[in-house]
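Nothing in this text is a laboratory measurement; each read-out follows from the coordinates by a stated rule. What you are looking at is a predicted structure, and each value in this text was computed from that prediction instead of being measured. Please note: Cβ atoms are built from the backbone with ideal geometry, for glycine as well, and neighbour counts cover all protein chains shown.
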């Protein structure tokens, strides 16, 4: 049951204000405030503060709400096509909105320090506001078309922010790649929406999750679920569209923290959770989702094991954790996926922000280089990063442990044990690659450490106040959020028991902890202990290392596909058709017309005697004709 | 459909302003270029104001034809001067006004043969305005040809890059189209036996047999379709756009291509609905091929304007697909897309025109790093590109969306292909943006000035229109609905 | 009438043919003009013969007309030829030919 609200309802008014404030900030920055860096930042942060206050108010006000609230107006009415615009306040949207607003706020505060002095400072805050607007509106959308609109807009802001330093070829390339790859997924998403619209007759979220889809033909449900999942695959960088996310690390680090780990890429999982009741009607589609989540999770874990770039490692781990969430959801546990989304947003944003401090101070992304420049001296950042890495690895009592545990529990409930086995393997690998990075930075091999004279620039200053405070808040969240499982479960599904889905297996938490500890110990053995040569077991097999480092050659495949099939194949064919067939055909036709007109014009040569001859001949002929 | 006659002939006033501007320009001495430009700006601004007034004064509750004016001209042949506007033509009038005004402002720095240029542009736009408001077949044909012939001179004299070839190709193509339209018009007028060129009388159901309609519709579709860039009759469009000077490209791609689509709608579909339904599937096929083909061929282009030319082919394919669905939604989406595409290409060409004016090159490979040198110029270019990619909350998204939905319902395969072309379209346009605007600062262009405030005005107008209709698409959809719903309901 | 009319007609026809051949084949404007005169005279001859055959004055009146017209024509024609000769230095009709098709540009 839903309640329909009006514009004057305090909930709706707060929601609209929370969404509109960043849009106004965006407009103000690009219309006038661009030249004044501090004003732009002030506008943007002020707007996101409004959003944050609104989100917290809404969450508090609706913590015990009975039914979702809907406010709907019409955006566009054509005839059969009606596109409504509205607000849907239910637990998942409120939770996501709060997560987005909190991370947006913290990252914007953090950026005050990180982006200081950048020539594009105002532009940065403008795009950040655009993103905040689009992302908040996405979470609150009441119909799928509206969701699609904002889905594309967060893609746009991602494109603009990845390519923020557009002078760098790699940055603009990565922005383009991100946009085109997610667009490829969105094509499927749009088609899925069309199928759904044709089948169910509406795209209203509550209707699709409820009665409307029940009328649909089951095969149409599967088809549209699979197509919509295409959008999720693109946005959440799942297999096979996963390679844009590591490249997207070309953007400023706060952007990676906000868009490419905590919120935007999680929008895919959010959509899954949003349409969870609908997707669940198609067991076949859920099976496919489970496979894709698992494959992405494992593939990206292997890639993370060989990368030397700290941001890339976290990017791969983002893909892998998103894969976990999708596995949890696809296994049938709504709570597990959403809970992991929430905790992941906290610790992954923390990881990126810590990496940002390190990169800002030492001016390099390479973990060995950071170790050489004594990255461990940046104490606050290193403590927070270790904490977050432990949460990522699933070490109790940090938030990641609890959420991962509920996913494992959900997988254990499945008939086929292979999914649980894969997930446990994933836990092992996650702990291994996360602590590989930490140990490499914390325990540099002594012969590589730069002599003291090379302290160079920046190693003195670590995180400023702005950057440090964001780290502390997120670290606190990472520590505390795990214990919020039961209240969250009650809020999300009305049942505190949802925190522990599936059969009660007493050995499961121990298995999870054991494997995480195993991964950690392996990393310690190879990278941490003083005698370690800091070479992973994967790197001892060159073929495997090359396979992982080249992302299983997925990028090579796409590059070939685009250059062979699209550029040199279809596009070449079309361009040549234009030149050689259509244009050449017309040119040939016009040449023939000119030539044949040349024959006729020979009669009009202007030679008086020819004309006379013709004249006489005609008269003679006529005479003969009339006589005969 | 009710017809409301006007107290004040505003429609004729628009034509008279164009004509008056034309004569004023002709009467101004050649040396006073600045005054000529002012006259042009004021006159075009007046027509824009009139178009905006009409757009908002039109009574959507009543619908039908409004602001009508009818004077019998040659009674023995049934030719009358009959102007009126409805929900289909008002967006087009508004589009013409905006593109005309911004086009004039864009050419503010023109120095070569200023007088002739503006005079010819006025003549061109006179024909365009006339065509959009006329409801008499004879006048529609006359206005059509009036708008074609200045094109040749405008491109051949003020153009660039193979301008004679482009001008000749364009003119021949479009005249071929008009050679198909005229016999079809005469055929229908004679076949009706009504001795009238009045569109309203001729479009009564039952005037023509289905066979007649099927025959005439083909001629109309190809004749007007050439101008709308229907595949495979599109090759004049990239060549012509490349050759034309900035304002002419703007008017041409922005408005003239819409004449083609509007002609298919107003003459072809209005007079021959049976033919329309009969050929709809084929129209859908051609349009889909155009959509896919345009983006693919665009991938291979190395010249900025060629790229836009091919993207126009693709975007006009969406208009064609909308028309081919034979549904209200399809019509709405098509007319909306005509409007949105007009504004978008005008912005595209005006920003490319600026880049070309300063750098004297349109070769994508030679450009790069423009965001550093001219941040504003490249910002306009990027906004136009994003509109072309179909980013929501920018105007053309809505037209595409509605057309895609309606075509997906009627022709699932075509709809799927057209949506799929979106991904390739994104690749192709973003690649151009990356190569021209991004990258390290190019020392060759470092000294060039950015868009001045005066030259930014037309571009800002276009951007704000794109955003306005992107955020509030219902402004336009509610208008188009007043025409499309009664029209489709009136079909047998 | 001593000579049968058919003989007169045959003679007129032969003279006409000679004039025609002269007009069409000669490459000299004066000779072309001469050919024209000969054809006119052939016509006049036929008319005079016919006037005798049917004893009617109409034919002779026509013949007189022809003579007058021919005289006027010769004077105008010769004047034109002189002009052409002054301008082009030739009396060859092909010299004055200018209407050759131009090479189209497409």
Legend entry - Label-to-label distance, nm, for residues given as residue A:72 and residue C:27 (7 Å Cα→Cβ offset): 9.4
Legend entry - Inverse mean reciprocal Cα-Cα distance (Kirkwood Rh) of segment B:1-101, Å: 15.0
Inset, instruction - Would you please put B:71-81, A:314-324 in order of how densely packed they are, using the mean number of other Cβ atoms within 10 angstrom per residue and starting with the highest? - result: A:314-324, B:71-81
Inset, instruction - Counting residues in segment C:5-93 as N, plug N into 2.2 N^0.38 Å and put the Cα Rg over that result. - result: 1.26
Legend entry - Computed [θ] at 222 nm, deg cm²/dmol, chain A (DSSP H ≥ 4; -39,500 (n - 2.57); rounded to nearest 500): -22000 deg cm²/dmol
Inset, instruction - Note the per residue figure in Å³ for the convex hull of the C-alpha positions in segment A:41-157. - result: 106
Inset, instruction - Quote the relative contact order of chain B in percent (integer), defining contacts as alpha-carbon pairs under 8 Å separated by 6+ residues. - result: 15
Legend entry - Average Cα contact separation per residue, chain C, under 8 Å, 6 or more apart, as relative contact order %: 26
Inset, instruction - Within 10 Å, count the other beta carbons around each residue, average over each peptide in B:56-65, A:180-189, and list them highest first. - result: A:180-189, B:56-65
Legend entry - FRET efficiency, residue A:284 to residue A:561 (Cβ-Cβ, R0 41 Å, nearest 0.05): 0.90
Legend entry - Cα centroid separation - segment B:410-425 against segment A:554-588, whole Å: 19
Legend entry - Range of Cα positions in chain B per principal axis (Å), largest first: 69, 57, 42
Legend entry - Shielding by partners, peptide B:235-242 (average Cβ within 10 angstrom, other chains): 2
Legend entry - Net lengthening on full extension, residue A:510/residue A:198 (0.36 nm per residue, minus Cα-Cα): 107.5 nm
Inset, instruction - Throw me the Rg/Rh for segment B:239-300, computed over C-alpha atoms with Kirkwood Rh, two decimals. - result: 1.08
Inset, instruction - Calculate the mean, over all residues of peptide A:565-575, of how many other protein chain Cβ atoms lie within 10 angstrom of the residue's Cβ. - result: 6
Inset, instruction - With a Förster radius of 25 Å, plug the Cβ-Cβ distance of residue B:201 and residue B:489 into 1/(1 + (r/R0)^6) and report the FRET value to the nearest 0.05. - result: 0.80
Inset, instruction - Mind sorting A:38, B:481 by how few other Cβ atoms lie within 10 Å of their own Cβ, fewest first? - result: A:38, B:481
Legend entry - Between helix A:334-362 and chain A: long-axis angle, C-alpha atoms, 0 to 90°, nearest 10: 90
Inset, instruction - Would you mind getting the Kirkwood hydrodynamic radius of segment B:424-492 from its Cα pairs, rounded to one decimal in Å? - result: 16.6
Inset, instruction - Please report the base-10 log of the normalised intensity I(q)/I(0) for chain A, using a Debye sum with one equal scatterer per alpha carbon and no solvent, at each q in 0.12 (1/Å). - result: -1.25
Inset, instruction - Sort B:272-282, A:64-74 for me by packing, meaning the mean count of neighbouring Cβ atoms within 10 Å per residue, highest on top. - result: B:272-282, A:64-74
Legend entry - Rounded tilt (10° steps) of A:218-235 against the dominant C-alpha axis of chain A: 80
Legend entry - Computed lengthening from residue A:532 to residue A:64, 0.36 nm per intervening residue step minus Cα-Cα distance: 163.1 nm
Legend entry - Surface/4 of the Cα convex hull for the protein assembly as shown, nm²: 62.1
Legend entry - Inter-site label distance for residue A:16 and residue B:71 at 7 Å from Cα along Cβ, in nm: 5.0
Legend entry - C-alpha center-to-center spacing [segment A:180-257, segment B:263-284] in angstrom: 36
Legend entry - Helix A:399-412 axis, angle to chain A major axis (alpha carbon atoms, nearest 10°): 70
Legend entry - Label-point separation in nm, residue C:58 to residue A:380, each point 7 Å along Cα→Cβ: 12.8
Inset, instruction - Compute the relative contact order of chain A as a whole-number percentage, counting only Cα pairs closer than 8 Å that sit 6 or more residues apart in sequence. - result: 11
Inset, instruction - Apply 1/(1 + (r/R0)^6) to the Cβ-Cβ distance of residue C:7 and residue A:608, taking R0 = 35 Å, and write down the FRET efficiency to the nearest 0.05. - result: 0.55
Inset, instruction - Using a 10 Å cut-off on Cβ to Cβ distances, tally the other chain neighbours for every residue of A:162-174 and report the average as a whole number. - result: 4
